Amino acid sequence: MARELPYIQAIGEAVHQEMERDETILYFGQNLALSEDDPFVKAFGGDRVRVTPISETAEIGMAVGAAFAGYRPVVQLYMAEFMLVAMNQVVNEAPRFHGMTGGQVKVPIVLQAGYGFTAGWAGQHTGTIYGMFLGVPGLKVVVPSTPADAKGLMTASIRDDNPVVFFHNYLLTLEHGDVPEGEHVVPLGEAAVVREGGDVTIVGIGWTVGKALAAAEQLAGEGIEAEVIDPRTLAPLDTATIVQSVEKTGRLVVVDQATRHASAAAVIAAEVAAEGFSALKAPIGLVTALDATIPYSQPMEAYLLPDETKIAAAVQQAVGFSPVPA
């Protein structure tokens, strides 16, 4: 059975259900356990649900130490940029120990981090920075686009034996969708084909999946049938599903809220060029944010970010519908 839940509630439900299932799971955060009325404190007590200092270095360091001791901490970070002050813990400590010990040490932590909060938040809380973490061995990167996947991927992330950075887009926070009741697991590393088509493959990431689907509906009215793929996890990346789609359609457009030269889109394009080049009938299109800091001004913000019109234009160019210059 499924019922409708907002995206953010689906994430919380996954954490709650996993804490009921496994008493080694801890929940840390600067805005958790602020009173005895906190629902997680009521359910699991102050030993397992902890408010932390206003120090990401401290709270992520605590989580790494707790993981060494046999616990499975989930750290609620709110803004992804907050990890930037704790990159030693995120990049140089947590992901390294499993490999450095020949698999003897596990570091099962989840770092839940919000990203992409535009709508007037300006430069320092709007970043789409998951590209920074894609090349770190031992670190998994999850980017769900629907409430159901948010629940299923959080469950899988908590159960993983090594660190996962779970990026949730703030623009999706209150988006509703059908979410399965009870246990729901979406395996890490499996993409989803969310719309089938034969003319072009569009890969969306996180918030841009909805933009890609909207553009695909618009393009269908012009006789262009787009297949839309949601990777769901960026590390590990399900390259095989994307390449299989490109072998069918012959064309690829990748949409990403990140700036072009720090995007997962660039990585996906490179993988397809390496593994599926012979199938391509047109250059790969990248629809990303421009390489600039997100401004406070709403019109300038919209100018920088991808949208349905920009996606449709990239697809039209890929299939030969671009206007001929005068």
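Just so it is clear, none of the values below were taken in a lab; they were calculated from the coordinates. Nothing here was measured: the structure is a model prediction, and the numbers come from that model. Every residue, glycine among them, receives a Cβ derived from its backbone with ideal geometry; neighbour counts consider all protein chains shown.
Counting only Cα atoms, the size of segment 192-318 along its three principal axes is 41, 34, 23 Å, in decreasing order. Between 89, 112, 218, the residue with the greatest mean-square fluctuation in the GNM of the chain (Cα pairs under 10 Å linked by springs) is 218.
Here segment 86-159 has an Rg and Dmax of 14.4, 47 Å, counting Cα atoms alone. Report the number of Lys pairs in the chain whose alpha-carbons are under 27 Å apart, with separation of 8 or more residues or on distinct chains. For the chain, qualifying lysine pairs total 12. The alpha-carbon atoms of segment 1-157, seen along their principal axes, cover 42, 39, 34 angstrom, with the largest extent given first.
Distances between placed amide hydrogens fall under 5 Å for residue 234 paired with 141, 142, 143, all partners being 5 or more residues away or on another chain.
By the Kirkwood approach, averaging reciprocal distances over each pair of separate Cα atoms, segment 48-136 gets a hydrodynamic radius of 13.9 Å.
Placing a label point 7 Å from the Cα of residue 196 along the Cα-to-Cβ direction, the residues of segment 237-264 whose backbone N falls under 14 Å from that point are 245, 248-249. One way to sum up the overall shape of segment 38-87 is the equivalent ellipsoid from its Cα gyration tensor, whose semi-axes run 20, 14, 8 Å, largest first. With a cut-off of 9 Å between beta carbons, the residues surrounding residue 215 carry a summed charge of -1, where Lys and Arg count +1 and Asp and Glu -1. Contact order for segment 94-225, expressed relative to its length and based on alpha carbon pairs under 8 Å spaced 6+ residues apart, stands at 26 percent.
Magnitude of the charge dipole for segment 2-180, about its Cα centre and with charges confined to Cβ atoms of Lys, Arg (+1) and Asp, Glu (-1), is about 400 debye. Taking square-rooted eigenvalues a ≥ b ≥ c of the alpha carbon gyration tensor, is the chain rounded, prolate or oblate, where a/c under 1.5 means rounded and, failing that, a/b exceeding b/c means prolate? Note, shape of the chain comes out prolate. Ranked for footprinting exposure by Cβ neighbours inside 10 Å, fewest first, 78, 7, 303 give 303, 78, 7. What whole number of Å gives the distance from the Cα centroid of segment 232-304 to the Cα centroid of segment 126-188? Cα centres, segment 126-188 to segment 232-304: 19 Å.
Put in order of Cβ neighbour count within 10 Å, fewest first, the listed residues 297, 145, 55 become 297, 55, 145. Put one equal scatterer on each alpha carbon of segment 233-286, apply the Debye formula with no solvent term, and list log10 I(q)/I(0) at q = 0.18, 0.21 1/Å to two decimals. Result of the Debye calculation: -0.53, -0.72.
Calculated on the Cα set of segment 252-326, radius of gyration then Dmax: 13.7, 43 Å. Between the beta carbons of residue 214 and residue 290, assuming R0 = 22 Å, the FRET efficiency works out to 0.60 to the nearest 0.05. Going by neighbour counts of Cβ atoms within 10 Å, the residues 199, 47 line up, fewest first, as 47, 199. Within the listed set 295, 39, 180, the residue fluctuating most in the Gaussian network model of the chain (springs between alpha-carbon atoms under 10 angstrom) is 39. Note on segment 136-209: Kirkwood hydrodynamic radius from all Cα pairs is 13.5 Å, rounded to one decimal.
Under unit Cβ charges (Lys, Arg +1; Asp, Glu -1), what dipole magnitude, rounded to 20 debye, does the chain have relative to its Cα centre? My answer is approximately 640 debye. Calculated on the Cα set of segment 133-263, radius of gyration then Dmax: 14.8, 47 Å.
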